[in-house]
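Accompanying notes for the structure given below.
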Amino acid sequence: MSITLDNTTDVLVVIDMQVDFCPGGALAVAGGDAIVPLINRLGTRFAQQVLTQDWHPSGHRSFASSHPGKSPFSTVPMPYGEQTLWPDHCVQDSPGAAFHPALKLPGAQLVIRKGFRPGIDSYSAFFENDRNTPTGLSGYLRERGLKRVFLCGLATDFCVAYSAIDARRQGFAAFVLLDACRAIDLDGSLSAATARMRDAGVTLIGDSGLLG
Ligand code: VGL
Ligand code: ZN
């Protein structure tokens, strides 16, 4: 697919490119580090870039360790719906919460930290998992006149997909650069997320090298 970028309306949103989501990290996504060079190159194409950073207090309710007897990757009901439990990851200010050391996006002007409320997880860059509490990103994008959101990062089937679907819900055009994402793929979560993104009107782009 050939898409011509427009610096006045387009923004690159780089999701959760953090040490804990890369091989060797607490919630490692296979090949998570392999997309860093491509994301760095994408960064040179966009005048506007936003990063997200998963940023949990220790003892966060999305951690299996906060639920005695529960293991990572099982689920529990939370007041806002079913929540997958994760290994402890991206604890505020810990080495695992840092951006991958090779990530170089000097043009990025905003970092959205999410998942900082102890009782609620936040996959999306726009809303917490109650689907209702905003992060402020929509307002930022609107005030900057940005209309088309290009997403990449980790993980395709969780934070990237939730962010892309919420971007559509908030009235932005949304494009997911699949070759600059990697998935967790828990019990078919990648194909489910892909279908939900398509239904929401998200454009999935296979070769982001074609972005001109
Ligand atoms: C993520 C699970 C838990 C993600 C964050 O970035 O996709 N997944 N926290
Ligand atoms: Zn998290």
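For this structure, a couple of remarks:
- Evaluated against (1) within 13 Å of ligand 2 (Cβ to nearest atom); (2) without any contact (Cβ under 8 Å) to a residue 40 or more places away in the chain, Thr75 falls short on exactly one condition, (1).
- Of all the listed residues (Arg131, Arg117), the sole one being assigned to a loop (DSSP other than H, G, I, E, B) and away from ligand 2 (no atom under 16 Å from the Cβ) is Arg131.
- Odd one out for Val14 among (1) more than 20 Å from Cys181 (Cβ to Cβ); (2) β-branched (Val, Ile, Thr); (3) in a strand (DSSP E or B): (1)
- Qualifying residue in region 62-83 (condition: in contact with a Gly (Cβ under 9 Å, 6 or more places away or on another chain), within 13 Å of ligand 1 (Cβ to nearest atom) and either in a helix (DSSP H, G or I) or of a type outside the set (Phe, Trp, Tyr) (or both)): yes
- Residue within region 184-192 that is among the β-branched types (Val, Ile, Thr), closer than 25 Å to Val36 by Cβ and crowded, with 22+ Cβ neighbours inside 10 Å present: yes
- Test result for Thr75, modelled with pLDDT of 95 or more, β-branched (Val, Ile, Thr), within 24 Å of Ala108 (Cα to Cα) and over 16 Å from the mean Cα position of the chain (by Cα): no
- Residue check, Arg169 at pLDDT 95 or above, of a type outside the set (Gly, Ala, Ser) and surrounded by fewer than 22 Cβ atoms within 10 Å (Cβ to Cβ): yes
Results for (1) more than 14 Å from ligand 1 (Cβ to nearest atom); (2) without any contact (Cβ under 8 Å) to a residue 60 or more places away in the chain, shown as yes or no for each residue.
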| position | (1), (2) |
| --- | --- |
| Cys152 | no, no |
| Arg169 | yes, yes |
| Asp179 | yes, no |
| Asp185 | no, yes |
| Ser191 | yes, yes |
| Gly206 | yes, no |
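- Tabulated pairs, region 44-60, first over 28 Å from Arg144 (Cβ atoms), second in a strand (DSSP E or B) and within 16 Å of ligand 2 (Cβ to nearest atom), C-beta under 7 angstrom, 6+ apart or interchain: Ser58/Val91
- The residues on offer are Ile3, Ile35, Ile39, Ile15, and the sole one that is modelled with pLDDT under 95 and of a type in the set (A, V, I, L, M) is Ile3.
- Checking each residue in region 36-68 for being within 16 Å of ligand 2 (Cβ to nearest atom) and among the β-branched types (Val, Ile, Thr) picks out only Thr52.
- The residue of region 5-22 that is farthest from the chain's Cα centre (by Cα), among those that are surrounded by 24 or more Cβ atoms within 10 Å (Cβ to Cβ) and not hydrophobic (A, V, I, L, M, F, W, C), is Asp20.
- Residue satisfying all of: in region 23-49; within 11 Å of ligand 1 (Cβ to nearest atom) and either outside any loop (DSSP other than H, G, I, E, B) or not small (Gly, Ala, Ser) (or both); surrounded by the most Cβ atoms within 10 Å (Cβ to Cβ) among these: Gly32
- Filtered residues of region 147-164 (kept if of a type in the set (A, V, I, L, M, F, W, C) and either surrounded by fewer than 23 Cβ atoms within 10 Å (Cβ to Cβ) or at pLDDT below 95 (or both)): none
The values are calculated or read from the model by the stated rules, or taken from the named source; none is laboratory data. None of these values were measured; they are calculated from a predicted model. Please note: Cβ atoms are built from the backbone with ideal geometry, for glycine as well, and neighbour counts cover all protein chains shown.
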